Structure formats: structure tokens, C-alpha cells
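First up is the structure itself, then whatever we jot down about it.
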Amino acid sequence: MMMNGIHSAPVLPPMIDTHCHLDDHQFESDLEYVISASRTANVRRWVLIGYDPVRWSSAISLSASTDGMYHSLGVHPALASVWDDTVAQRLRQKLVESKAVAVGEAGLDFYRDNAPLDIQGPAFVGQLRIAAEIGLPLIIHMRDANADIIRILRSEATLPRLVFHSFDGSTEVMDFVIESQSWVGIGGLATRQKSSELREMLARVPSDRMLLETDSPYLVPAKQKDRRNQPSMVAVIATMMAEYLETTPEELARTTTANAEHLFGLPHD
Ligand SMILES: [Zn+2]
């Protein structure tokens, strides 16, 4: 069978895309097709990450109307300047009312021309505290922010369970991940040729802390013609990454699905 220009491997056990943006405009015209291609690859559940307050409502409706879709709500570090008490209040309320499975993505991103730490910091800390207070995991987005992330996390009295989405941190951040028993999202970035150091770090993650994700439509895995990433690629990521993680694609699919069910409180598939 041909799928997006690659020969797909035998179908793996049921998988979950724990981080995707299916409400992105890049899926506007063919979302049904994307969902059905995902189901065909046995990636049959998704966590939609609603990271922009103006899109929280549409993220909630999309997940409510799609069988197997769950959602997280938060404020992305690139949007941190919108953070204030009103947004915090609305976030807390929407998370509870809509039965979100996580908070985020939230964190720090100094890669692009984003706001400085005094703007991004309070939004991150505010979401950490909301997650801890209502008992949901927090999904962390971080880029070029290793030292600040560790400093903030170490200074919080109570931390929620943490997911380092598409992990791309330093050795020190990986030390923190392991020490704090946090979860790590493994996606397309790790499959790229230039990511050998990253793969070595990921091999340190205990198997019960690994999750699979695509970050669709971003971070397409290596060797794909289609530059738009999509959830069916979780199967490709599992196949490409298993050997580096000293396991098999089948076992990686099974373990990461069980991990996601446990972390996000999803029913057993
Ligand atoms: Zn994302």
C-alpha cells in the first residue's frame, strides 16, 4: 500500500497522536480525509492542542464532534503577551467545563522574535499553577530556553505532571525530565538525520514515560514528500524510532498508547 509516497509497514497496534493542531487552516479543506488516513494507519485517537485563546472554542467543538479526539487548552509562549487575570480565569473555566485532558502548550520560546522573559514567564508560571490546581498534566513547549525552564520548574512549590512536547532540550533538561519522572513527546524532529544527539538523549527516557506525537501540521518526519505533517505519521515515527529506543515498532506503539491513556485519563483502547 502506498501512503504519502512511502510504503507503509504492517499496521501497528492502536496509537495516539498526543500533540496535533488539526484546527490549523492547513487542514481546512480535507480534515475528514486526514482523519480517515490516520485511522487507516491505526492512529485512531488524537489530542488536539488549542494554544490560542481565540481558537479555544473551535478546538473544543472539533474535539467534541470527532470520535477519539481529546483536547488541551493553553496559551503558547509566542502568544504570552495576551496573558492576564481574565485569560487565566477563562482558561481555568474552559478546561474544567470542556473536560480538557491537559493544559498547554505553554512554556518559553526565545527562538523567534518573541516577548522577553518578563512577559513569557508569568504566562508559563500561571499555567503551571492552574494545571497543578486542577490536577491536569501541563504540556511544555520550549525553544532556546533551557536554563530558564529549569529555573522556573525548580522554583515552583508544586508541579503538575509535565510533558516535554517534541523534546529538544539540553542534557540538563533531560536530567530534570528523568529526575522529575516527566513524560517526553517523540515526533518527527527526532527522525531527522541531523538529530543524532537528540536520539541519544531520548534513549535515556524510561519506556513508561514516552509518548508519540506529530505536532501536525508542523515537524514532518524525515523522508516525506508531503511537507504538511499529519497524524498518520505517528506510525512512521514509531517505525523509524523503535530501533534507536531499543524496542520494536509494535512494542513502542503499545507502550506509548498505554502511557497516554494513563497520563490523560483516557479509556483503554
Ligand atoms: Zn504544538
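Across the stretch 67-72, rounded Karplus estimates of 3J(HN,Hα) from the backbone phi angles (6.51 cos²θ - 1.76 cosθ + 1.60, θ = phi - 60°) give 4, x, 9, 10, 9, 10 Hz, Gly and Pro being marked x. Counted over all Cα-Cα pairs of the chain, pairs farther apart than 32 Å make up 16 percent.
Run the helix sum for the chain: -39,500 (n - 2.57) per DSSP H stretch of 4+ residues, divided by residue count, reported at 222 nm to the nearest 500 deg cm²/dmol. If you can, show how the numbers build up before the last one.
On the way: 10 runs with 106 residues, N = 269.
Computed mean residue ellipticity for the chain: -12000 deg cm²/dmol.
The phi-based Karplus calculation (6.51 cos²θ - 1.76 cosθ + 1.60; θ = phi - 60°) puts the 3J(HN,Hα) values of the stretch 148-153 at 5, 4, 4, 4, 5, 4 Hz, whole numbers, x for Gly and Pro. Build a GNM of the chain with springs between Cα atoms under 10 Å apart, and of 134, 60, 149 the one that fluctuates most is 134.
For the chain, the solvent-accessible area of protein heavy atoms averages 44 Å² per residue (probe radius 1.4 Å; ligands and nucleic acids excluded). Karplus-derived 3J(HN,Hα) values for the stretch 225-241, using 6.51 cos²θ - 1.76 cosθ + 1.60 with θ = phi - 60°, are 6, 6, 7, 8, 6, 8, x, 4, 5, 4, 5, 5, 4, 4, 5, 6, 8 Hz; glycine and proline are entered as x. Rounded to the nearest 10 degrees, the inclination of helix 85-97 to the longest alpha-carbon principal axis of the chain is 40 degrees. Amide H to amide H distances under 5 Å link residue 141 with 106, 107, 108, where only residues 5 or more positions off or on other chains count and H is placed in the peptide plane. Taking a sphere under 15 Å around the Cβ of residue 221 and counting the other residues whose Cβ falls inside, with K and R at +1 and D and E at -1, yields a net charge of +1.
Taking Cα pairs under 8 Å and at least six residues apart, what relative contact order does the chain come out at, in percent?
Taking the mean separation of contacting Cα pairs over the length of the chain, I get 21 percent.
The values are calculated or read from the model by the stated rules, or taken from the named source; none is laboratory data. What you are looking at is a predicted structure, and each value in this text was computed from that prediction instead of being measured. Cβ sites come from the backbone with ideal geometry, for glycine too, and all protein chains shown count toward neighbours. SASA here: full protein model, heavy atoms, side chains in, ligands and nucleic acids out. Shrake-Rupley method; radii C 1.70, N 1.55, O 1.52, S 1.80 Å.
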